[in-house]
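The values are calculated or read from the model by the stated rules, or taken from the named source; none is laboratory data. Just so it is clear, the structure is predicted and the values come from calculations on it, not from any experiment. Note: ideal-geometry Cβ built from the backbone for every residue, glycine included; neighbour counts use all protein chains shown.
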Amino acid sequence: MTSLVAFLFVASVFSIPVSGFQGKTNADAFWPGGGFLNNKYSKLTYSTSNAVDRLGYSRYVDDAINEFDSISDANIGFRKLSSGDGEMLSIVIDEKNSSEYARDAFGIMIPFKIDPKTTSYERASNYETWAYAKIWLNDYMMKQHKFTSDERNKTTIHEIGHAFAMEHQYDGVKSVMVSGQISYPDLQQLDISNLQWKY
C-alpha cells in the first residue's frame, strides 16, 4: 500500500505543469524600470575591446548585433564606436577569470548610472535607468567548459539581451535568455516577440 501511495504521489507531482513553462512574455520578460531610455535602443552605441578581435569573439559579437538589428517591427539599431568615445555599451573579454564582476561566470552584463555628485559611473541596479553598461565574456570559463561555437554565440547574444533589460527565462523554455551552457546560436521566436513588444 505504501508503495502505491508513493507511486501515485510521484506521478501526480510530475504531471503538474511547470508554472511559466511557456516562458515569460511582454513586460514579464524584462526588468521593470531597467535599461537605457527606450529611444536609445534605435541607435545603441557600442565598442569592443582589442581582445574581442584577438581571441576571435568579433564574429560572435557581429552575429549577435546582426540578430538584434534584423528584427522586423522593432526600433533597434547599433552604431559602433571606438572604446572611450562615449559608447553606451562596452563588450570586453575576461581572459584569466580575474574580473571582479565576471569571475566564475560564462558572461555577465553590469549596468552603471552617473553619480550626480561626482559625475562618474557607479553601479546601477537592473531596475533603474542606465547610462552605460559593460559586458564581460569570460573566455577562460568557456574554455574550461569546452564551449562550442554555438554556445559562445548564445552566450554573447544572451548578454546583449541583458543590455536590452531582458530577464532570464525559465529553464526548459526555448530562448537565448535561459542561463547556462546551451546551443541556441540565434534569437528564438520568444525572444524576438518580446523585443518586438517592447521596442
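Quick notes on this one:
- Check on ASP69, more than 15 Å from THR155 (Cβ to Cβ) and under 17 Å from the mean Cα position of the chain (by Cα): yes
- Condition broken by ARG79, with the remaining ones in (1) within 19 Å of ASN138 (Cβ to Cβ); (2) touching a Ser or Thr at 6+ places or on another chain (Cβ under 6 Å) satisfied: (1)
- Residues in segment 94-121 that are touching a strand residue (DSSP E or B) at 6+ places or on another chain (Cβ under 9 Å) and of a type in the set (Gly, Ala, Ser): SER99, ALA102, ALA105, GLY107, SER120.
- Restricting segment 142-172 to residues that are small (Gly, Ala, Ser) and in contact with a strand residue (DSSP E or B) (Cβ under 6 Å, 6 or more places away or on another chain), the residue that is farthest from GLU87 (Cα to Cα) is ALA165.
- Flag set for ILE157, criterion: closer than 22 Å to GLY23 by Cα and of a type in the set (Val, Ile, Thr).
- Within segment 31-142, strands (runs of 3 or more DSSP E) holding 3 or more residues that are modelled with pLDDT of 95 or more and either within 23 Å of ILE192 (Cβ to Cβ) or touching a helix residue (DSSP H, G or I) at 6+ places or on another chain (Cβ under 9 Å) (or both): 44-48, 78-80, 89-94, 107-114, 132-138
- Looking only at segment 34-82, residues that are crowded, with 20+ Cβ neighbours inside 10 Å and of a type in the set (Asp, Glu) come to 1 in all.
- For THR155, the conditions (1) assigned to a loop (DSSP other than H, G, I, E, B); (2) out of contact with any helix residue (DSSP H, G or I) (no Cβ under 6 Å at 6 or more places or on another chain) all hold with the exception of (1).
- Single residue of segment 126-152 satisfying the filter (in contact with a Lys or Arg (Cβ under 9 Å, 6 or more places away or on another chain) and small (Gly, Ala, Ser)) that is surrounded by the most Cβ atoms within 10 Å (Cβ to Cβ): ALA131
- Filtered residues of segment 93-117 (kept if of a type in the set (Lys, Arg), surrounded by fewer than 15 Cβ atoms within 10 Å (Cβ to Cβ) and over 19 Å from SER58 (Cα atoms)): LYS117
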